Every structure is written in C-alpha cells, then in structure tokens.
Amino acid sequence: MYPELGQFALILALLLAVLLSIVPLAGSITGRESLQLFARPLAAGFFVFTALAFAILTHAFMVDDFSVAYVANNSNSMLPWYFKFSAVWGGHEGSLLLWILMLAGWTLAVSVFSRHLPTVMTSQVLSVLGMVSVGFLLFIVLTSNPFDRLLPNVPADGADLNPLLQDFGLIIHPPLLYMGYVGFSVAFAFAIAALINGRLDAAWARWSRPWTTVAWAFLSLGIALGSWWAYYELGWGGWWFWDPVENASLLPWLSGTALMHSLAVTEKRGVFKSWTVLLAIVTFSLSLLGTFLVRSGVLTSVHAFASDPERGVFLLGLLGITIISSLALYALRAPVVHSRSRYGSYSREIFLMLNNVMLVAATLLVLVGTLYPLVLDFLDLGRLSIGEPFFNLTFSPLAIAAGLLLGAGIFSRWKKTDGGWIGRKLLWPLAVSILAATAIMVIYGGFEPWAFAGCFTAVWITAATLTDIWDKSASKKGRWQGMRRLSRSYYGMVLGHLGVAITMLGASVVSNYGIEREIRMVPGDSVTMAGYQFNFLGMTQRQGANFTANVGNFEVFRDGRAVSTIRPEKREYQVRRDMMTEAGIDASLSRDLFVAVGEQLSSNAWAIRIQYKPLIRCLWLGALFMACGGFLAISDRRYRVRSKLAAKVAAQEEAAGGKSAPTEALS
Amino acid sequence: MKRLVLFVPVVLVVVLGVVLFAGIGKDPNHLESVLIGKPVPAFSLAALKQPGQSLDSSVFQGEVSLLNVWGTWCPACRDEHDDLVWLARERGIPIIGLNYKDKREAAMAWLDTLGDPYRLNIFDPEGRLGFDLGVYGAPETYVIDSKGIVRYRHVGPVDEKVWQQDLEPVVRKYREQG
C-alpha cells in the first residue's frame, strides 16, 4: 500500500512542479502579481510531496519490504539499520530520488530566504527551478520508478547492498555531493531569470553569490569525502584516480570556483556580466553532465550505476533541452556592449580574470580528458583511456600557476593597483616560500621538482594571505580590534585560500614522498619502511554483523618503541559472497600508515600491501577549510541585514557602479 | 557579429550531444557486470530435469562454458533458442541453463518440443542465483572459464552475429589459457 502512495506522491510532486514552472512565470511576463504569488505555495507543495515519497521509500527499506524491486535489489534483512537507511540512495532509482529531494529542498530554501527580493525575480527563479524539477521528475516517473513491485513472486530476502557501499563514508558522501551539484541549480535559475527580464546587474550578482558559495562548499565536502572513502575502502591507498565519475564531480567544482570569483567582480564592479552568466549556466550544465555520465553507462568507472540505454537517451534528451535552450537564451539576450568601467593592468579585476582563465582551462582539460575515449570511439579510432599520466602532467602546472597567481592577487585592489607595490609586497612571501619548500625537501630527504613547486606554492599562498590579514588588521585601537573589524566574508575567503594551500601541500608531499610496497609475508615476518618497522603477527578470524573477516595483526615500532597496532581485514559478505578489503590505517596529521591484506599465496603466506603516506590528511583537511570558509562567508552580516535595505542598496550600487571600501575585501 | 560569437557555446554543446548520443548503448569495455573476473556466486539449487539432484558452482569447473539465463515466459528466449541448439549441436559448446523464475512443467515441455541445447539446467524459480548474478532480465548469456570465473556478459538474445563477434573470441581466448 505504502509504495503506491509513494508513487502517487511523486506524481503529485510532478504536477505541482509543472504548475510551478508555468504559473509564476506567466504571471511575471503578463505582469499579474496574483499569479506570481503562487510561486511560494507551489514550491512548498513540491517539496512536501517529494519528501513524502522519499520518506515512504525509506520506510520500505526499514521494514524490509522486498516486494519493492528496488529494496529487494539493494537491501537485505541482515543489514544493520543505518546501512538500510543509506541503501535508500545505494542504487540508481533511490539516488535519483535523493537528487530530486535536494532540488526540492533548494527550491524551498530559495522561496523562504528570498522574501526581500522583488516578487518578479523570485517567481521567475522559482519557475526555472520548477522546470528543472519537471525534467527530473519525468525521468524518475517514466524510466526509474523506485516503487516498482516484484509481484506476485516476492523474494524471501533482498540481494543486499553492494558491500563497497556498506560504509560510513557512503552514508553522507552522496547527500553532500548532491547538495553541491543541485545547489548550482539556484545560481543557474538566477542567471536564467536575469536573462529573461534583462536585468543582469550588480543586484543579481549579489543575490546569486551566497547560493553559489554554499553549493560550492557542499560540493567541496562531498568530493573530499569521496576521495577519503576511495582511499580507505577500495584498498589501493590512492586518493584520486581521475575516474570519470570523480572527474564529473570535479568539473562543476572547478567552474563553480570560477563562478564564485567572477560573481565577486560582477557584484563589486559591475563588469564581466556576460561571462558570469555564462559560467552560471555552464556550472549547472556540468553538474547535469556528471549525472548523465554516471547513469548512462557511456564511460567505464568504478562507481557507475547499472547502465541502461533507454535511460541514457532520456537523460541526454533532458540535458540537451536544458542546456541548449539556456545557452540559446544566453546567446540572444546576453549584453554585448562593453561595460564602461575601467581597470588597470594590476587591478583586482585583471587578477580575477586570470584566475577565471586558469580555472576554465582546468575545467576544459578535465572535460577533454574525461570525454576523450568517447570522442575516439565516435571517430572509430578504438576505445582507450588516457588516464592518470595525462591529467597529472597537465593539471599540476595549471594548479601551481593558479596558486602563484592567487598569492599575488590577494594584494591587488579594485580598479588599479601599483605593480611595483605588489612586487615589493611579495618579497616576504617569496623568501618564506623558498625557505619553507627547501626545508620540506630536506625533511623528506630528496629534491623532487614537482614537490618543490607544489610546496613552494602552498607556502606562498599561506604567507601572502597572512601578510594581508596583518596589513588589514592594523588599527589604532590595537591589533585585536582590527582583526574583529574584518568581515566574516573576508575570513571566509582567508579560510578558503588557506584550504587550497593545505590541500596543495598534502597532494605534493604524498604524491612525491609516499612509499608503497607489496610484499609476501608469513607470520613472524617484519618489514621496515620510512623508519617504521611492521611486524606481521598472523591472521585471526572475526564475525561481523553480515560478514566474516580474516584479520591481519600487525605491530608497528619506531626506534624500538611501539607506535600502534594495525588490523586490516579481508571480509567476505555472506549474502553476495563478495570479498572486500578493509584497509588498516594508523592515521595522524603528519602521516598515515596503511596496511591492506591481499591474496592468500599459500597456507600461511599473504600478499600484504604496506604504504607510508606523509601529510595525506592535509588533502581532506584543506577541503574542510574551504567548506568552512564558504559557510563562514555566507553568514556575513551584509547577507542578513539587507532584508530591509535590499532594494535601496541594490539601486545605489547600480548607480555608483559598485563602490567598495578599501577594507571590504573580496570574498 | 558579436552576437554570433555568443552562439559558439550552443554549437559546441550540440556537437558534444551528438558524440554522447553515439556513446549510449555501446558497452564500455563490456565491464558493466561487477562479476567480471570473479567466480560465479555460490548457490545450491535443484536440477531442472532431476528434482532430487542438487547443483552447485562446481558444474562450471573443467571447461569453458556458457551460462544462459532463460524462462518460458520470455519471448526473446524463444528467439534465441534455435541459435542455442545450433551452437550446442554444430559447435559443441557446453551450455548450462539457468531456468529463471519459471515453472518446472512448462520448462520441461519447452525443451521437449523445441530441443534441448543445455548440458544441464539449474532450476531457479525464485531467482536467487539470478539476483546474485545481477540479472536484468532474460535472456542473458555469460562466458564462464574452466575455473568457474565469469569472463563476459551478454545481455539480450544470442544469435550467430553475437556469437561470432562477441562470445566466440572470449571462449577461444579462455580455452587457450586452459
């Protein structure tokens, strides 16, 4: 009974979304406010029924209703309750429903938090979000119904959740990632609405900014969690594989980063409008492309969903309509007149433009690398993948160049900056970076050009950022008062940039100084690596909730002192008979010790993989910094107080071409 | 003129769309089954013709074989049946059937009237092994090597073309490996 109600709720949500996409928009075009006022209630109704469908599917998982095909395929009565819960988004249909729930959530959030915007704008933005929702609701209702029944042959038990997904990381990774992906739909909707009514101005940029920033922060967290999960769950000890699905999440992140910066310029200075609106469209399009790549089976990946050509065609059609129509609207409506605002050659505008060039180049690079196999196949040149070497070779220089630019750009001012002054400002960061990077080379023993460049850039960004705080916090009332006077959005920016530096440091060090060895060990053997001695004591057995495990016991010593005990597992999940490697990791900020058990080579000999991973935690710590920076920035006072002043401020900004006080920095 | 430049993104997206469309349905490296390279999931099910006899995954040991998922309720299985008979009789390919979510009497009658290409048939009325294999629907055909490892999966009916282009090269490869 319940599953049918769930399906009914989905259909109702679809109908409400159809109304949402038509009625308020029609009202805004004909100028009838009574129709525009339907936007909020419709958005709320759309959310309520989507949430209801999601709750019903969750209920089906919790009570083991295996008459529902999706539950039978992705759950099992032996599964612990929290994995039954996360199994809701363990497969195609459920994760799509989660996607739509997020979209409904964002739509609701826009309708709640944009009460101070002009009604016309709100109704148009909500209408555009409604259109996107209609597409995806049609997709789920027509091709991927999660409530399909297996009647009358109800299986006695479910086929179980893929053991790879039975993990804490996967409980929260998809929701965060989807929050990010789908969150960019808001910036997209603002851009489309602005194109429709021809009001691409500073006020539009100001309204889009917090939404973009918060979506970006979620996406950063989602990507970092995915990388962390791959690191400890796949058992290879790698943290980024340039896998198509990983790239699919990196693409909107890169262009979203460009969008955040471009929005800042448009808000403060009223320039780059066309470019910014294009980026907003492109960023959401890349989110959609990622969804398509994961679900259509056009590319091989470790975590693609079961492929189905029919779904692929539907999704591609949906994508095509959304992207082509929005780009066509852009082509017809975007302003082509040059803005009158002037800026000099070392101005902040120029630095941010270069930042955008770098980020867009990186986006294109990843896009080309990801789609290259498809293009080759299309041209009948055979299927092959270009993989890691291409990305590492081309992406690293871009990342370093962007980092160096960032360090210099921090000191720049709007309109014009004295180039010589920036040069003098950069002397200290330069000296500190050379010293610190050299010190890192000495500590890890050995000069590696890429490691040096990466560490240099990381320290460069950090030193420049700290110098900037020092300069800006100068105050007659003392340093502490000066620090307090700086805005939250400024500190958000600082955290974000420090996060980039930390991630860069971690990536450079672990890629160049990490040690990996695969060796045959029998109980009693020991091996020494990077000063750590690993003693293999032997294998024991353990019975888990729904698996049995062979547990390797390792003692780790350093300089004769016990450091830790590591217990990697090789699990056999009972329902699917899948073998899973559960790596044993001794984690600390300075290094991870990673042990994984491989194949059994003879009666008591095992293939053991031991890795020493210096500074690998910095990768994810940096992402955490970036996300916190994003959340801090949107909590800034100017986004809260404005409710009363919104219209007035917007009008002033437009008139003045966006003045900015010298202390009010880019965020 | 400037306005025309703004149409460049639209054109790029259309081109990209064509490439993506061409990519749909092509099986990327035939890796869609998570079971490729892994043993056939463990099972213990009755044989179709001898209800008392219990079969397990040891039936795949010894030589390269095809595992064909079928049911009398499936029209596409009827289409491929003659080709399977041809494969078994003319080419001597060992085919093991997985009678999937079916009725025993119906399946026996089917084999009596249409001919029996199968070396033996696993009777799986509840679709247990089918679940473990990740069967989308019938028919599906798997190439299993002599050690019982899944090497290839074909979704949809097998005909002469599919056999020559997709299945036979895999069968030959793993026969040569022993």
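The values are calculated or read from the model by the stated rules, or taken from the named source; none is laboratory data. Keep in mind that this is a model prediction, so the values were computed, not measured. Ideal geometry is used to build each Cβ from the backbone, glycine not excepted, and the neighbour counts take in all protein chains shown.
Can you find even one residue in the range A:465-476 that is surrounded by fewer than 21 Cβ atoms within 10 Å (Cβ to Cβ), under 30 Å from the mean Cα position of the chain (by Cα) and not in a helix (DSSP H, G or I)?
No, that holds for no residue.
Taking the options B:Lys103, B:Lys147, B:Lys49, B:Lys161, name whichever one is more than 29 Å from A:Gly91 (Cβ to Cβ), within 14 Å of chain A (Cβ to nearest Cβ) and either crowded, with 20+ Cβ neighbours inside 10 Å or over 14 Å from the mean Cα position of the chain (by Cα) (or both).
Exactly one of B:Lys103, B:Lys147, B:Lys49, B:Lys161 is more than 29 Å from A:Gly91 (Cβ to Cβ), within 14 Å of chain A (Cβ to nearest Cβ) and either crowded, with 20+ Cβ neighbours inside 10 Å or over 14 Å from the mean Cα position of the chain (by Cα) (or both), namely B:Lys103.
Taking the condition of a type in the set (A, V, I, L, M) and closer than 23 Å to A:Gly629 by Cβ, does A:Leu225 pass? Full working, then the answer.
On the way: of a type in the set (A, V, I, L, M): yes; closer than 23 Å to A:Gly629 by Cβ: yes.
Taking the combined requirement at face value, the residue satisfies it.
Just checking, which of A:Trp216, A:Trp207 is within 17 Å of the chain's Cα centre (by Cα) and touching a residue at least 24 places away in the same chain (Cβ under 8 Å)? Can you show your working first?
On the way: A:Trp207 fails: within 17 Å of the chain's Cα centre (by Cα).
Going through A:Trp216, A:Trp207 in turn, the sole match is A:Trp216.
Return yes or no: is A:Leu15 surrounded by fewer than 21 Cβ atoms within 10 Å (Cβ to Cβ) and more than 30 Å from A:Gln166 (Cα to Cα)?
On the way: surrounded by fewer than 21 Cβ atoms within 10 Å (Cβ to Cβ): yes; more than 30 Å from A:Gln166 (Cα to Cα): yes.
Answer is yes for this residue.
Out of everything in the range A:576-626 that is touching a strand residue (DSSP E or B) at 6+ places or on another chain (Cβ under 7 Å) and of a type in the set (Lys, Arg), what residue ends up being nearest to B:Pro39 (Cα to Cα)?
A:Arg609
Please note which strands (runs of 3 or more DSSP E) are completely contained in the range B:34-137 and include at least 2 residues that are more than 28 Å from A:Asp157 (Cβ to Cβ).
On the way: elements: B:65-70, B:95-100, B:120-124.
So the answer is B:65-70.
Take the residues in the range A:374-390 that are farther than 11 Å from B:Val19 by Cβ and part of a helix (DSSP H, G or I); name whichever of them is modelled with the lowest pLDDT.
A:Gly387
Taking the criterion of being touching a His at 6+ places or on another chain (Cβ under 9 Å) and either basic (Lys, Arg) or farther than 27 Å from A:Tyr2 by Cβ (or both), would at least one residue in the range A:180-197 satisfy it? Break it down into steps so the answer makes sense when it comes.
So the first thing to find is which residues in the range A:180-197 are touching a His at 6+ places or on another chain (Cβ under 9 Å), and the list is none.
No, the range A:180-197 contains no residue that is touching a His at 6+ places or on another chain (Cβ under 9 Å) and either basic (Lys, Arg) or farther than 27 Å from A:Tyr2 by Cβ (or both).
Can you confirm whether B:Lys49 is at pLDDT below 85 and not hydrophobic (A, V, I, L, M, F, W, C)?
Numbers: at pLDDT below 85: no; not hydrophobic (A, V, I, L, M, F, W, C): yes.
No, not satisfied.
Sort out which residues of the range A:237-267 are modelled with pLDDT under 90 and among the charged types (D, E, K, R), and write them in order of number.
Hits for the range A:237-267 are A:Asp243, A:Glu246.
Search the range B:67-81 for residues being out of contact with any Pro (no Cβ under 7 Å at 6 or more places or on another chain) and buried (at least 17 other Cβ atoms within 10 Å of the Cβ), and hand back the single one that is farthest from the other protein chains (Cβ to nearest Cβ). Please lay out each step first, then the result.
Step one: list which residues in the range B:67-81 are out of contact with any Pro (no Cβ under 7 Å at 6 or more places or on another chain), which gives B:67, B:71-73, B:75, B:78, B:81.
Okay, now just the ones that are also buried (at least 17 other Cβ atoms within 10 Å of the Cβ), so B:67, B:71-72, B:81.
Working: B:Leu67: 16, B:Gly71: 12, B:Thr72: 15, B:His81: 23 Å.
The extreme case among them is B:His81.
With A:Ala545, A:Ala596, A:Ala583, A:Ala549 as the choices, which residue is farther than 30 Å from A:Ser487 by Cβ, small (Gly, Ala, Ser), surrounded by fewer than 16 Cβ atoms within 10 Å (Cβ to Cβ) and away from chain B (no Cβ under 14 Å)?
Numbers: A:Ala596 fails: surrounded by fewer than 16 Cβ atoms within 10 Å (Cβ to Cβ); A:Ala583 fails: surrounded by fewer than 16 Cβ atoms within 10 Å (Cβ to Cβ); A:Ala549 fails: surrounded by fewer than 16 Cβ atoms within 10 Å (Cβ to Cβ).
Criteria check complete, one pass: A:Ala545.
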